[in-house]
Amino acid sequence: MQGAIIAVMALVFFLIGMPIAFALGLTSILSILLFLGPSEFDLFAKFIFDATNDFGLLAIPLFVLMGNLFGGSTVSKHLFEAGEAWLSKIRGGLAMSSVMASSIFAALTGSSAATAAAIGHVAVPEMEQRGVPVRIATGAVAAGGTLGILIPPSVTLILYGIASEESIGQLFAAGIMPGIVITILFCIWIYFGTQLEERRLARMAENTEKVSVGSGSGTSATPTSAGPDAPDFTWSQRAVALLKVLPFLALIVGVLGVLYAGVATPSEAAAVGVVMVLLLIGVAYRGLGGRQFVKVLLETTNQSTMILMIVAFSGVIATVLSFLRVPQELAGIVTEMDLNKWIIMVVINIVLLVMGCFLPPVSIIVMVTPILYPLIVGLGFDPIWFGIIMTINMEIGLITPPVGLNLYVLQGVVPHIALKDILMGALPYTFVLGGSIVLFSIFPWIVTFLPKLLY
Amino acid sequence: MTTTLKYILTFRWANLTSEVSGYLSGVALLGATFSTMHGVTSRYFLGHPTIWQTELSVYLLLFVTFVGGAYGLKQHAHVGVDLLVEALPARPQLLLRLVASTLSLGVVLVVLWTAIAMWWEATQNGWTSSTVWAAPLSIVYAILPLGMLLVACQYVAFVIEGVLGLFGRKPQEEIAILKQQNPELSAAHTSDPEPAGPVGLGSSPSARPAPTDRSM
């Protein structure tokens, strides 16, 4: 009951447009006044301070900084070109290259929008110019970008790890295989989707030709440069393209290496990563200008304070809720209902999916994890596995309206493409992602075998 | 009323303090990076135990969170649900934005008040952190109230501006709280081909907010 009142209060404050952090703050102030009494108030600042006073959280701004440093560099271009050199002979190969480039870029940053923006502004114009249908091009980039929060480093997995007190290293390891599997599934969809889309466009072109007589100058089929008649790449060209991305692959291996060799904690690995990126950009590639660097720092400050303020205030509300024993009660009620645990999992996923349509992943993870964690463990689910399922669920939210952030990010990068085309292009991928949740539920070892191997 | 007095009374200077807080937080970010890096290398290569590095990095993280919060507010980085608000016509929208901002200001003031109490207690008793480093908590506990003070000032500036707009004393398009949340939420530098941005201290308060990545 108290839990329901608190939820309604939070919902109202969200809907009037308060920043999520302060909406959570106001909810906790009112909850303390209503349910705990004003004497607990003295500890308010202490709760906020303690929620943020965590070395593990430092990984977030540092991985964000690392991603932002990459965003301004030419890495996305090199990644896309390497993918193209290897995949151009396959139907839909260019779109596959952008998904591949996204998944590698995702391993350099913990954010989805950053991935979609970085790959998008290189790949979409290139694909358009080469005759890839616009929906295939934008869908691949918008959906590929969502891999940013699944493939380590991942800001959402760090937050889930801190909120659930699970090992961030294990969560990162658990994200790798699903990331690869989803990348492959995306490519399979592109293979079939390209054919469907080309047929649809051909039909549309035929219809317009029938209507407007005289304008038919042989443009009935859209030329595709990817596929069997794509330009040839020699093996040496392919090798060179791969060589160009080698430093970045080395960096990924380096950061994950220091993490899994037990040399460093995730936060320390992030710091090592930032220093390595600075060296890489300073030494191997054209340096970042002073102004650009300041801009990257300010942008990182913005993203960090946004995330960490939400973490700070959600820490208070989580403390209040556990004082009131809300998570335990919820777990009790659900267990008493004696439903099949998979039915409960489906319900949880639907709730997360709906939330994901309106709220950014960070806020959902930090609000929901403390409440759901006792339930998940009580039902006998692996909490590491659930962290991954939740993250894939958040990925769907990033490409569905009304608040599908990646759709808007992409539109910001390629403003001449209609939002409708981006939306329609991304839509099939929500089913691919949904299907992958089912797949990982049937074969949970795809998620869990790597963390078990490493720890 | 003289221009200077107007500047002080309408809290327009808060835009400047918020801007400065952003730059300081950027420096704190770099500081946290190198402090952590120093900790790793000295522990791994030299075998020295990490004493102050981890702790200092966390305090710098707190600085970025709370002091950087003022900059984030000015840049509209603090994400909210805008769906309903943006569907409203201009005037009710401004009214609702004012209500939301005032409520947020209230929250910030409550945190500020309790944070000052916490800081005062630590300072009076000369408390230090319970580590080998024993950092004086009078400094550490000052970060939260300082940040909240800066955030509060920025909110006061927003609210005053909004009220002026409500009474037609300021054109709608110049009101910061109505410019909430640019949909181009990309990492700024990738979508912006021009290197020049709102760089430079005290850029005008009506500057276009930099888009912020909220996808995480």
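Suppose R0 equals 60 Å; then what is the FRET efficiency for A:SER322 and A:GLU209 from their Cβ-Cβ distance, rounded to the nearest 0.05?
Numbers: r = 67 Å, r/R0 = 1.11.
It comes to 0.35.
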If the convex hull of the alpha-carbon atoms of the stretch A:371-446 is projected onto planes in all directions, what is the mean projected area in square nanometres?
6.1
Which residue, A:GLY110, A:VAL132, A:ILE180, has the largest displacement toward the positive end of the dipole of the stretch A:88-201 when charges sit on each Cβ (Lys, Arg +1; Asp, Glu -1)?
A:VAL132
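Going down the table (A:LYS89/A:LYS244; A:LYS77/A:LYS420; A:LYS295/B:LYS6; A:LYS46/B:LYS74), which pairs top 24 Å between alpha carbons? Each step should come with its number before you reach the end.
Details: A:LYS89/A:LYS244 21 Å; A:LYS77/A:LYS420 26 Å; A:LYS295/B:LYS6 31 Å; A:LYS46/B:LYS74 26 Å.
Distance filter (> 24 Å) returns A:LYS77/A:LYS420; A:LYS295/B:LYS6; A:LYS46/B:LYS74.
Taking trypsin sites (Lys or Arg not before Pro) as candidate sites, keep only those in a DSSP loop with at most 14 other Cβ atoms within 10 Å, then name the longest stretch of chain A containing none of them. Display every interim value, and only then the final one.
Working: sites that count: A:LYS89, A:ARG286, A:ARG325.
Counting only loop sites that pass the neighbour cut-off, the longest clear stretch is A:90-285.
Please compute the Kirkwood hydrodynamic radius of the stretch A:28-78 from all pairs of different C-alpha atoms, in Å with one decimal.
Numbers: mean 1/r = 0.0704 Å⁻¹.
Across the stretch A:28-78, the inverse of the average 1/r is 14.2 Å.
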Cα-based equivalent ellipsoid of the stretch A:135-207: semi-axis lengths in Å, sorted from largest, via gyration tensor:
37, 11, 6
What is the set of long-range amide H partners of B:GLY80 at a cut-off below 5 Å, with H atoms built 1.01 Å from backbone N?
A:ILE20
Apply the membrane-span-like helix rule to chain A: whole DSSP H runs, Cα extent along the own long axis of at least 30 Å, mean Kyte-Doolittle hydropathy at least -1.0. List the helices found.
A:168-211, A:235-260, A:290-323, A:419-442
Looking only at Cα atoms, what is the convex hull volume of the protein assembly as shown per residue, in Å³?
179
Could you list which residues have their amide H under 5 Å from that of B:THR128, counting only those 5 or more apart in sequence or on another chain, with H placed in the peptide plane?
B:LEU137
√(5λ) per eigenvalue of the Cα gyration tensor, the stretch A:336-376, largest first, Å:
21, 13, 6
Hey, with R₀ at 45 Å, roughly what FRET efficiency would B:ALA134 and A:PHE431 work out to, going by the Cβ-Cβ distance, to 0.05?
0.20
Could you work out how far apart the two model spin labels at A:PHE55 and A:GLU329 are, taking each label as a point 7 Å from the Cα in the direction of the beta carbon, and quote it in nm?
3.8
Roughly what would the spin-label model give for A:ALA202 and A:TRP235, points 7 Å off Cα along C-beta, in nm?
3.5
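Values quoted throughout were computed directly from the atomic coordinates according to the rules given, and no laboratory measurement underlies them. Because the structure is a prediction, the values reported are computed rather than measured. Heads up, the Cβs are rebuilt from the backbone with ideal geometry, glycines too, and the neighbour counts pull from every protein chain shown.
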